[in-house]
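Enquirer: Pasting a structure here, questions to come.
The values are calculated or read from the model by the stated rules, or taken from the named source; none is laboratory data. Here the structure is a predicted model, which is why all the values come from computation and not from measurement. Every residue, glycine among them, receives a Cβ derived from its backbone with ideal geometry; neighbour counts consider all protein chains shown. Please note that ligands, DNA and RNA were not included when accessible areas were found on the heavy atoms of the full protein model with its side chains. Shrake-Rupley method; radii C 1.70, N 1.55, O 1.52, S 1.80 Å.
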Amino acid sequence: MARHIAVIGSGVTGISSAILLQRAGHRVTIIARDFPAPFETINAISQINYTSPWGGAHNRWVPPHPSNPQSAFEHPLSITTFSHMKSLYSFCPQTAGITFLKGIEYLEAPGPEYQSLTTAKAAELSLPGFRLLSPSEFPDSKVTWGCEYETYCVNPMVYLSFLLRRFVHRGGRILKHIIRSPAEAFSLSARSTPSLANGAVDAVVNASGIGFGDDPAMFITRGQTVLVAEECDATVTRQNADGSWTFCVPRGFEGGTVIGGTKEMDDWESAPRPETREKLLKAFAGTHPKILAGKDRLTVIADIVGRRPSRKGGPRIEGELLDLVGANGKGFVMHAYGLGGRGYELSWGVAERVVEGVEGYFKGVRRESRM
Ligand SMILES: Cc1cc2nc3c(=O)[nH]c(=O)nc-3n(C[C@H](O)[C@H](O)[C@H](O)COP(=O)(O)OP(=O)(O)OC[C@H]3O[C@@H](n4cnc5c(N)ncnc54)[C@H](O)[C@@H]3O)c2cc1C
């Protein structure tokens with residue numbers, strides 16, 4: 001039975017969930033403060049808390065291992081998302097904002113999850129095109145482990161604009177509005193908000209990125225990157241022994257290449273640090289000099305600062321029954337926030353879990369009303 005679902009959030013989590021809820025037959029409205037737009041028009045200050053434009057965004061496989069319990073939960077979500085990206089890319093290679101390419105990893109101090117990653121183990125984990133690199137392929141003697149595999153990058157605003165257009169074309173509705181609490185979304189109806197012709201809201205999805213300030217496990221991880229004009233034919237990631245990272249994410253679609261990057265917990269500085277820019281550019285050119293194509297310097301288009309919506313213990317993907325004041329009594333909210341640095345690469349798997357949670361709730365309601 002078709003229901004009206006309000007999805008709070010128009011980042012990668014919200015739009016992916018909205019599309020799959022729509023595909024499951026529901027009437028869906030996306031309510032958000034920020035919507036996808038050309039990257040060049042997104043405001044670095046007023047929209048810094050909208051993380052999706054500032055992401056790379058590439059898929060890096062994180063091998064599941066007992067030393068990292070979250071990885072076992074997330075790996076199947078990344079496999080589902082990979083299949084979705086592959087299928088969308090094969091149907092819409094010119095328009096969906098997705099590029100398939102080689103992923104290269106260099107590690108100075110590999111943890112147990114990498115040390116145990118053999119070709120056989122990679123096949124078991126469904127990692128496509130996996131190959132261990134030989135030491136002669138490492139960029140320098142500090143690197144002690146390396147691999148390559150097949151992966152994808154997305155140009156965030158091309159990809160999300162594509163998905164949003166598809167959602168609206170198939171009957172989805174959108175409302176630009178700042179919500180104070182998920183409970184507020186239940187009060188939005190055609191009566192209160194004429195642009196919503198979807199009827200009373202039956203359930204809400206909270207895909208607000210960082211949540212509503214009531215979850216003590218949430219924190220931000222600042223990321224500073226540099227967008228350069230040069231192209232790169234692979235997405236290259238290096239993890240250094242001191243815990244720092246060097247990477248590049250080619251965005252495709254004339255979007256340049258993102259050179260990264262920092263991971264700074266609880267750092268709210270919104271302005272780019274000039275010394276960080278220089279460090280990032282130098283480190284990446286040192287690891288992958290090919291990107292310079294013989295030039296002295298990379299061509300900087302912009303500095304990027306974003307806030308990864310991080311959560312201790314991993315993302316919150318679960319349902320909650322809220323007490324509502326007024327005629328509604330109870331309201332079901334499916335939370336899907338706190339995706340940290342993996343929002344794109346887990347997005348389709350998360351959206352499937354959102355649909356399962358919402359449908360599971362409605363099945364329960366039907367069972368209760370029959371008793
Ligand atoms: C530097 C950097 C590099 C990254 N690289 C990668 C990468 O390579 N791969 C990858 O997978 N991920 C990457 N990420 C992480 C990824 O960008 C995020 O995980 C993802 O964008 C989170 O998406 P989201 O939809 O959950 O949240 P957001 O994109 O933040 O969207 C939240 C939505 O909720 C809305 N909203 C919030 N509060 C309210 C409110 N009160 N009322 C109305 N609307 C509201 C916002 O307007 C927005 O529409 C990177 C992040 C950064 C910063």
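Enquirer: Confirm whether T299 is in contact with a strand residue (DSSP E or B) (Cβ under 8 Å, 6 or more places away or on another chain) and either open to solvent by 20 Å² or more (accessible area, probe 1.4 Å) or on the phi > 0 side of the Ramachandran plot (or both). Walk me through it before giving the result.
Expert: Working: in contact with a strand residue (DSSP E or B) (Cβ under 8 Å, 6 or more places away or on another chain): yes; either open to solvent by 20 Å² or more (accessible area, probe 1.4 Å) or on the phi > 0 side of the Ramachandran plot (or both): yes.
Against the criterion (in contact with a strand residue (DSSP E or B) (Cβ under 8 Å, 6 or more places away or on another chain) and either open to solvent by 20 Å² or more (accessible area, probe 1.4 Å) or on the phi > 0 side of the Ramachandran plot (or both)), T299 qualifies.
Enquirer: Tell me which residues, restricted to the stretch 101-141, are polar (S, T, N, Q) and in contact (Cβ under 8 Å) with a residue 12 or more places away in the chain. Don't jump to the end; show me each part of the working.
Expert: Applying the first criterion (polar (S, T, N, Q)) to the stretch 101-141 yields 115-116, 118-119, 126, 134, 136, 141.
The answer is Q115, S116, T118, T119, S126.
Enquirer: Every residue in the stretch 232-256 that is open to solvent by 20 Å² or more (accessible area, probe 1.4 Å), away from the ligand (no atom under 11 Å from the Cβ) and in contact with a Gly (Cβ under 8 Å, 6 or more places away or on another chain), please.
Expert: F253
Enquirer: Listed residues A18, A6; which is assigned to a helix (DSSP H, G or I) and crowded, with 22+ Cβ neighbours inside 10 Å?
Expert: Answer to the check: A18.
Enquirer: I'm trying to understand the selection: among the residues of the stretch 23-55, which are closer than 16 Å to R170 by Cβ and either open to solvent by 30 Å² or more (accessible area, probe 1.4 Å) or in a loop (DSSP other than H, G, I, E, B) (or both)?
Expert: Matches in the stretch 23-55: R23, A24, G25, H26, R27.
Enquirer: Tell me which residues, restricted to the stretch 302-335, are in a loop (DSSP other than H, G, I, E, B) and surrounded by fewer than 17 Cβ atoms within 10 Å (Cβ to Cβ).
Expert: Going residue by residue through the stretch 302-335, those that are in a loop (DSSP other than H, G, I, E, B) are 312-315, 324-329.
Those that are in a loop (DSSP other than H, G, I, E, B) and surrounded by fewer than 17 Cβ atoms within 10 Å (Cβ to Cβ): K312, G313, L324, V325, G326, A327, N328, G329.
Enquirer: Same structure, new question: On the given criteria, is A336 within 13 Å of the ligand (Cβ to nearest atom) and either more than 23 Å from P76 (Cβ to Cβ) or of a type in the set (A, V, I, L, M) (or both)?
Expert: Yes, satisfied.
Enquirer: Moving to a separate point now. Find the residue count for the stretch 196-231, including only residues that are open to solvent by less than 50 Å² (accessible area, probe 1.4 Å), within 14 Å of the ligand (Cβ to nearest atom), on the phi < 0 side of the Ramachandran plot and not hydrophobic (A, V, I, L, M, F, W, C).
Expert: Step one: filter the stretch 196-231 for residues open to solvent by less than 50 Å² (accessible area, probe 1.4 Å), giving 196, 198-199, 201, 203-209, 211, 215, 217-230.
This time we only want the ones that are within 14 Å of the ligand (Cβ to nearest atom), so: 204-209, 211, 215, 218-227.
Keeping just the survivors that are on the phi < 0 side of the Ramachandran plot gives 204-208, 215, 218-227.
This time we only want the ones that are not hydrophobic (A, V, I, L, M, F, W, C), so: 206, 208, 215, 221-225.
Number satisfying all stated conditions: 8.
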